[in-house]
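S.K.: Handing you this structure, nothing more for now.
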Amino acid sequence: MGSKRGSYSSPRQQERQERVLQSARELIANRGYDGLTMRELARVSEVSDKTLYNLFATKDGLVMAAVADLLDAIVTQVQAGEQAAGLAAILRYTDAISAQILVSPEYAQAMSRALFQAEDSSPIVDLLLRSNQKFLQRQLRHAQRRGELTRRVQSARTAALLTAHTWGVLLLWNKGLLSLSSLPTMSRQSMLTSLSGVVSEQGQIVLKNWSDNV
């Protein structure tokens with residue numbers, strides 16, 4: 001992220017850093033992005049101001065690290081197991097994001113709102129939009145190599161479309177036009193609909209197996 005200082009490899013140091021990141025997510029959930037202050041975060045995390053600034057140079061860097069840490073955990077979860085690439089990974093990623101939102105909806109609301117209000121050059125755009133698009137594009141390439149997509153599919157364009165559909169659903173929820181309870185089903189149906197036009201017969205089997213579990 002460019003804001004993290006030093007190398008924190010001991011179990012105690014890693015635990016302290018994760019405590020700071022978790023506390024940051026909780027404060028953002030309760031007070032919003034703008035309501036987070038480094039001083040209060042240090043107090044809640046039970047670290048000194050100096051220690052906090054040694055870990056993270058700026059508030060923006062800290063917030064980005066807190067989001068990235070959560071997304072890394074989701075990607076690790078998605079890529080575990082036998083079906084770790086291709087269409088299955090895209091669908092598992094969709095479900096994992098929805099599951100995380102159900103666990104911490106206030107945090108997801110705060111970060112979504114920050115994204116929708118951000119300038120194009122903001123780091124949060126890279127983190128939540130471009131990184132998501134890159135993940136999807138990578139998995140689409142895996143899917144193509146596995147014979148799950150038709151040959152005419154352009155992975156970059158399709159990844160952009162899937163990203164737009166994903167965040168379109170989240171925008172509806174963020175603006176109160178979609179209930180929290182319906183978000184997982186809508187996210188999954190949006191992804192299945194988006195993919196249905198680009199998959200091969202083999203890919204259709206993957207989608208059917210997933211849709212049967214909706």
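S.K.: Filter region 168-192 down to the residues that are open to solvent by less than 40 Å² (accessible area, probe 1.4 Å) and not polar (S, T, N, Q) and list them by number. Even if it seems obvious, please write down each step before you answer.
M.R.: Of the residues in region 168-192, the ones open to solvent by less than 40 Å² (accessible area, probe 1.4 Å) are 168-170, 173-174, 178, 182-184, 187-188, 190-192.
Within region 168-192, G168, V169, L170, W173, L178, L183, P184, R188, M191, L192 meet the criteria.
S.K.: Are any residues in region 73-116 of a type in the set (K, R) and within 22 Å of G176 (Cβ to Cβ), and if so, which ones?
M.R.: Initial filter on region 73-116 (of a type in the set (K, R)): 92, 113.
Scanning region 73-116 gives a single hit, R113.
S.K.: Conditions: (1) more than 24 Å from the chain's Cα centre (by Cα); (2) open to solvent by less than 30 Å² (accessible area, probe 1.4 Å). G32 meets all but one. Number of the miss?
M.R.: Among (1) more than 24 Å from the chain's Cα centre (by Cα); (2) open to solvent by less than 30 Å² (accessible area, probe 1.4 Å), the lone unmet condition for G32 is (1).
S.K.: Only one of (1) more than 13 Å from the chain's Cα centre (by Cα); (2) open to solvent by less than 20 Å² (accessible area, probe 1.4 Å) fails for L136. Which number is that?
M.R.: That leaves (1) as the condition not met.
S.K.: Of all residues in region 12-28, which are open to solvent by less than 30 Å² (accessible area, probe 1.4 Å) and either at pLDDT 90 or above or aliphatic (A, V, I, L, M) (or both)? First the steps, then the outcome.
M.R.: Going residue by residue through region 12-28, those that are open to solvent by less than 30 Å² (accessible area, probe 1.4 Å) are 17, 20-21, 23-25, 27-28.
Across region 12-28, the qualifying residues are V20, L21, S23, A24, R25, L27, I28.
S.K.: Taking region 143-160 only, how many residues are crowded, with 17+ Cβ neighbours inside 10 Å and modelled with pLDDT of 90 or more?
M.R.: Kept after step one, since they are crowded, with 17+ Cβ neighbours inside 10 Å, are these residues of region 143-160: 143-144, 148-149, 153, 155, 158-159.
In the following step, the residues that additionally are modelled with pLDDT of 90 or more were identified as 143-144, 148-149, 155, 158-159.
The qualifying residues number 7.
S.K.: Sticking with this structure for a sec: Residues that are over 22 Å from G86 (Cβ atoms) and either touching a Lys or Arg at 6+ places or on another chain (Cβ under 6 Å) or of a type outside the set (D, E) (or both): find the helices (runs of 4 or more DSSP H) completely inside region 107-214 holding 2 or more of those.
M.R.: Working: elements: 131-145, 155-174, 183-196, 201-211.
Passing ranges, in order: 155-174, 183-196.
S.K.: Determine whether G203 is at pLDDT 90 or above and either surrounded by fewer than 18 Cβ atoms within 10 Å (Cβ to Cβ) or touching a His at 6+ places or on another chain (Cβ under 8 Å) (or both).
M.R.: Numbers: at pLDDT 90 or above: yes; either surrounded by fewer than 18 Cβ atoms within 10 Å (Cβ to Cβ) or touching a His at 6+ places or on another chain (Cβ under 8 Å) (or both): no.
Here the answer is no, as G203 does not meet what is asked.
The values are calculated or read from the model by the stated rules, or taken from the named source; none is laboratory data. Keep in mind the model is a prediction, meaning the values are calculated, not measured. Methodologically, a virtual Cβ is constructed for each residue, glycine included, from the backbone with ideal geometry; neighbour enumeration extends over all protein chains shown. SASA here: full protein model, heavy atoms, side chains in, ligands and nucleic acids out. Shrake-Rupley method; radii C 1.70, N 1.55, O 1.52, S 1.80 Å.
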